[in-house]
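The values are calculated or read from the model by the stated rules, or taken from the named source; none is laboratory data. In this text, all values refer to a predicted model and were calculated from it rather than measured experimentally. We place every Cβ from the backbone using ideal geometry, glycine too, and count neighbours over all the protein chains shown.
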Amino acid sequence: MSKDHHPRLPDLSKVATTAEIAIPSDPMLRVIGQDEAVGLARISARQRRHLLLVGPPGTGKSMIAQALSLHLPRPTEEIRVVHNPENPERPLIEVKKEEEVRREYTSREFASGDLIDPKNAATAAPIHPSRRGIAPSARSRRSGMAARRATRSGI
């Protein structure tokens, strides 16, 4: 075995096709040449610690981070940064439990309405669901008739 040979890889001089190379099921084992970083990533996942990966492009930082996510437990909370209308420079933080998030998504599943781009929210007038699909001229006739009915009935 040559000194450049990696212990997890077969001797490439004896491989006829790439089909002969086994791909590990654990994505952490697919990272080649960063054994120390992979080892530290495993330790940080086991101990639930922070890990900062620094290095030039192409050294495997993203690959280690993606593989590391499979070794961590599923999150049980969702952390949200929410706009604070009283003090916009100091946003609010919300922590929602998994059950709350599921309930919220389920309640929105059957919601109806128009999505408005936040950039245009101040200028966009939401259209009431009862008026959707009605031509503008019909809308004005309808609102005029409703106003006359209200006047006649004394409202």
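Just so you know, in region 94-121 the residues that are of a type in the set (A, V, I, L, M, F, W, C) and surrounded by fewer than 10 Cβ atoms within 10 Å (Cβ to Cβ) include one that is nearest to the chain's Cα centre (by Cα), and it is 95.
Looking only at region 69-79, decide whether some residue is acidic (Asp, Glu) and surrounded by fewer than 10 Cβ atoms within 10 Å (Cβ to Cβ). The answer is no, given that none of the residues of region 69-79 is acidic (Asp, Glu) and surrounded by fewer than 10 Cβ atoms within 10 Å (Cβ to Cβ).
None of 41, 124 is surrounded by 11 or more Cβ atoms within 10 Å (Cβ to Cβ) and either at pLDDT below 90 or of a type in the set (Phe, Trp, Tyr) (or both) except 124.
So that you can scan it fast, the table gives a plain yes or no per residue for (1) part of a helix (DSSP H, G or I); (2) touching a strand residue (DSSP E or B) at 6+ places or on another chain (Cβ under 8 Å):
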{"position": "58", "(1), (2)": "no, no"}
{"position": "66", "(1), (2)": "yes, no"}
{"position": "73", "(1), (2)": "no, no"}
{"position": "104", "(1), (2)": "yes, yes"}
